[in-house]
Structure formats: C-alpha cells, structure tokens
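No lab work stands behind these numbers, since they all come straight from the coordinates. This one's a predicted model, so the numbers in the text were calculated from it and none came from an experiment. Please note: Cβ atoms are built from the backbone with ideal geometry, for glycine as well, and neighbour counts cover all protein chains shown.
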DNA sequence: TGTTATCTTTTATCCCGTAAAGAATTGTCC
DNA sequence: GGACAATTCTTTACGGGATAAAAGATAACA
C-alpha cells in the first residue's frame, strides 16, 4: 500500500509538522492531556520498526500507550498525518552535512552508507510516498546534506536533481531488497537459504529444462572465476551495493568531466 | 503495503505459475467451472490497472465476473497467489530480447524505455515485493533480455548482477515517481501544479525564513542558466530520467573499461 | 435415485479507519 | 456552592477488507 500524505486539512498538517501551532493558552478547562503528539509519534515508530508498516494500526498504537485507538484522534487528525509525522521525525537521524575534505566522492559514499543504514533501521519509511514529499523540516534538513555534496561537483542544479533522484532510487532499492529479505523469512519461520533451496528445487520440479530454456538467467547466477577483489566489505547490502555504488560514482564523474 | 508471495502451499503456487497442474480428467461430476484462473487474473489486472493496488479486493474482482468474492477461492488459494499470477502474467508484455547491433548502450536505453513504460502501464507492479521473486516463467523470460544485453559488455556475472540491480532500482524509482505524481492529484481532484502551489505557499507561511534556513534546497530547485541541450525528449520520466540514465550508462562504461 | 464431487453463495469471525455520541474531568463565571 | 463550557477519552457503530466454515446448487456416476 502506498501511503499518501494526509490530504485532510493541509494547513493543520503543516502546522503539526513544523510545530507552528499557536502555543496554547496555559490554563484551559477540561482534563489535562495524558498524551502528546510526540509520545504518539514515538510509540507509532516503535510499532512500525518492530512489526512493519502493515502492522501499524491506530488501535495498536493506542494500546501501547494505555489508551484506545480513538484517543489518538484528539492529537492527530488521521492515520495519514501520523505517518507523515513519523516520517519526518525519524529523518532527524540523518546527518545534515558530510565532510568534503577529501572531495565529493567519499562524501557521497558516506551519504549512501548512512542512508542505507537508516532505511534498514526503519524499513517502513520505504513505504511512505516520495512523490509528494511530506515537506517537513527534517526532510529539508536532510536534503541540505546531499545537495551540498553534489553541488561540490560543479554540476548544474538540473543535473544535480537528476543525480539525486538516481542516488535515492539506488539506495532505496537496495534497502528494500535487504530489508524485505530479512523480513520475509522471519514471517514464515524459514531461513533465507532454506527458502531459496526449497524454491529452486521446486523450480527444477516444475521446469526440468530450466537451464536450456533460460540460459542467460543461468549464466548470471553463476559464480565468477574472478577472485574477490580485496576483502569483501562487511557492510549491509554487501557486494551488490558496492558494485552499484561504484558504477554510480563513475557515472557522476563522467558527467562532471563532461562539464 | 508490501505484498509477499503466497507463503501457503509453495508447490501449488509454483504449479499455478508454471501451469503444470495435471490436466484434469475430461469428465467430472459437479457443475462446470464458470470461471478460470485466466479470466480471474485478467479481471484482477483490469481492476489494478484502473484503480491501483490499494483498491484491489477479492470482492471487487468477483463482482466484475458476476460472482461473489469467495467464488475466486475455488481457483486461487489466496489473494497473495493471485497477485503473483497477475505479476507474472503482465510481465509477458516485456521484450525478451533487444537489438545489440549498435552495441550495448542503445540496447540498455531501449530496455530502460520499455521497462519504464511497462511500469507506467501497470503501476501496481511496483508494489509487488521484488526480493523473493515470484519466480514465474515470464519473469525469467524477461530477465533473459536484460542479461543478454549486459553480458555483451563483457562484465563478469558478479558485476552484471550489480549493474542489473542498479538499473532496476533506477527504472522502478523513476516509474514510482511518475506514476504516483499522476495518481495522487486525481485522488484529491487537485492538479499537480495546484498542489505544489498550495504547498509552497503554506511553506512560506509556516517557515518565513525558508531560503536562509535551507540554502541548498533552495539552490537545487532553482533554474539553471544553462539552456536546454537540444530539444527535450517527450518521453515519460522526462529530463530527470534521461539525465539519470546517461549517468548510469557512463558508469557502466567506466566499469567495462576498467575490465 | 441416490451418491459424490464440484462450484458458488451465505454466514460468520476478526481485522481495519474513523464518525458520532456519551462519560469523565477540570477550568471559569455567578 | 452550582451551572456551564471545554477538553480528554471511551463506547458504540458503520462499512470495508481477507477468508474459514457451512450450506446450497449442479452435474456426472453407480
């Protein structure tokens, strides 16, 4: 399910994100609020981190706070807005600047690693729609970091936008691959290898001529003779991620040189 | 919501995908089947194409076929398997080979365009989990095409895997951006420009110091002085897509040269 | 004519988001 | 003190989802 930004009252939504609600009058009638937007967002993030976006429900968040699900509606207009708030909150974990002392290349690598690990910490973020950015303060703050790095290449804003899209797509895609491959087997109680083994034996069963019918697929899954070039990095995403990242960096370099 | 492959009976699921069900005895007691897996999958694809994955429900597909939602369970074990079948079915639209006469570069471009347009025709495909590939015949057939092109570069299987992941992430990301930006406003009845205008005026309202607080974000959104280099392609994805694709191709070229 | 296997609907269970109404709490004003 | 109003939170209810279980309908066999 793709989750869109709250389409409710856009003004209220922005006010929540930017905390620009008029500071309430100190003294008011009625019971003291037992919750706050902050604790609700926090609890919701805990649920999503632990059980994934699909398992996030208003009732569950309410439970975690000793309330009913409906109680949340006093603080937050809808689930959509809550997700926007979760999203922006969690984005605060990302750096807003990167060291450019050694040039843009290592800075991009650092950005990519941080961002990948961020997505792996909060895989549900990958389910939040990216097109209509939530436009919260932390999203912009985080963008400051990447843009500063890419600006350093000397590329025009237009090209930087293109490269940014590419970088984000790459890191998000990689994160999705890793996080889903972590999640899926645990849901079934089957390890990743077991799953693949079972699956590939089923494949043989169902299509005995596999190698002949799909020669390319067979080739690409084969092991290279080429030895590992240096010790394999123990980073999440592994080899595929580094290969992709290097290709990307070389592509950017070409764009830079082409001026 | 990320949709996983049906974790039910994996064997039955594979049999459905590969149509390797034992051909039923011709004559059997009981009413003639009024439906078939094929018509169900077709109807489901129509629903998903028209209204998106979120709107896909068993009842709705049943309705479209003049049945209840429950009737589908005679043919398909669960919604998850149905989605797998939809996915593999629709993948048959993609080419399984590309012309390498002019070298791998234009072939990759052709692949990217075809694939982008494919995702735009069936945006719901982007919601189907990619990690645990559905492993249907058309998925493999489609892979034959890309791998053949990338093998032509002379890269090792390991590197081809890395480049493939990168290419798919890029095209999927671009498709997501385009398709969501098409979908979202129509859901609200607000055009894309209106939405952005409303949003950016709200931004000014909520953070008057925007440009000072986020100088990089402001810079990257600014117009280049640089004139368009040649006529803009009228392709979906537009400029951002071509820029990204060229960067990518240059990156691959660098990898090829580094041998 | 059963009997039996099959297709389909009905019914029911348990989830979801959230609207509406009411209960409980706590302040202000008289 | 009491009335009133504002606010928090719960209860109840609605429409929708996937799907299990049971019941109804249909068509071939003995």
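The mean sequence separation of alpha-carbon pairs under 8 Å and at least six residues apart, normalised by the residue count of the stretch B:104-258, gives a relative contact order of 31 percent. Just the number, please: Stokes-Einstein D of the stretch A:84-160 in µm²/s, Kirkwood Rh from C-alpha pairs, 20 °C, 1.002 mPa s. For the chosen part, D equals 163 µm²/s. Inter-copy label distances for residue B:181: 3.1 nm (label point placed 7 Å from Cα along Cα→Cβ; shortest first). The order of B:240, A:96, going from fewest to most other C-beta atoms within 10 Å of their C-beta, is A:96, B:240. Label-point distances for residue B:80 to the equivalent site in the other copies, using a point 7 angstrom along Cα→C-beta, read 3.0 nm when ranked shortest first.
Residue-normalised convex hull volume from the C-alpha trace of the stretch A:1-137: 132 Å³ per residue. For the stretch B:65-195, the orientation-averaged shadow of the C-alpha convex hull comes to 10.8 nm² (one quarter of the hull surface). Across the residues of A:166-175, average count of Cβ atoms on other protein chains within 10 Å? Partner Cβ neighbours, averaged per residue: 6. Ratio of Rg to Rh for chain B: 1.05 [Cα atoms; Kirkwood radius as inverse mean 1/r over pairs].
Take each residue in A:75-87, count the other chain C-beta atoms within 10 Å of its C-beta, and the mean is 0. Between helix A:104-121 and chain A there is an angle of about 60 degrees, using the helix long axis and the longest principal axis of the Cα atoms. 7 Å from Cα along Cα→Cβ at both residue B:105 and residue A:39: what's the point-to-point distance in nm? Placing both labels 7 Å along Cα→Cβ, they lie 6.2 nm apart. Remark on the stretch B:98-138: ratio of C-alpha radius of gyration to 2.2 N^0.38 Å is 1.44.
With N the number of residues in the stretch A:104-258, Rg(Cα) / (2.2 N^0.38 Å) evaluates to 1.28. The calculated P(r) of the stretch A:10-91, using every Cα pair and 5 Å bins from 0, goes 3, 14, 26, 24, 18, 10, 3, 1 in percent.
Would you please state which residues of the stretch A:133-175 a label at residue A:96 would reach in this model, taking the label point 7 Å out along Cα→Cβ and a backbone N cut-off of under 20 Å? Taking a point 7 Å out along Cα→Cβ of residue A:96, the residues of the stretch A:133-175 whose backbone N falls under 20 Å are A:133-152. Per-residue shielding of A:153-159, expressed as the average number of other chain Cβ atoms within 10 Å of the residue Cβ, stands at 5. Given the C-alpha centroids of the stretch B:25-60 and the stretch A:112-174, what is the distance between them in whole angstrom? For the stretch B:25-60 versus the stretch A:112-174, the Cα centre distance is 40 Å. Counting only alpha carbon atoms, the long axis of helix B:238-258 and the longest principal axis of chain B meet at about 90°.
Inter-copy label distances for residue B:12: 4.6 nm (label point placed 7 Å from Cα along Cα→Cβ; shortest first).
Over all orientations, the stretch B:43-115 has a Cα convex hull whose mean projected area works out to 5.9 square nanometres. Determine the shape class of the protein assembly as shown: with a ≥ b ≥ c the square roots of the Cα gyration tensor eigenvalues, call it rounded for a/c under 1.5, and otherwise prolate if a/b is greater than b/c, oblate otherwise. Verdict is oblate for the protein assembly as shown. Between residue B:196 and residue B:57, the simple label model (points 7 Å from Cα in the Cβ direction) yields a spacing of 3.5 nm. Per-residue Cβ neighbour counts within 10 Å put A:65, B:91, A:85 in the sequence A:65, B:91, A:85, beginning with the fewest. Its relative contact order, with pairs defined as Cα atoms under 8 Å and 6+ residues apart, puts chain B at 20 percent.
Neighbour counts of other Cβ atoms within 10 Å put B:78, A:200 in the fewest-to-most order A:200, B:78. Between 0 and 90 degrees, the angle of helix B:192-206 with respect to the longest Cα principal axis of chain B falls at about 60 degrees.
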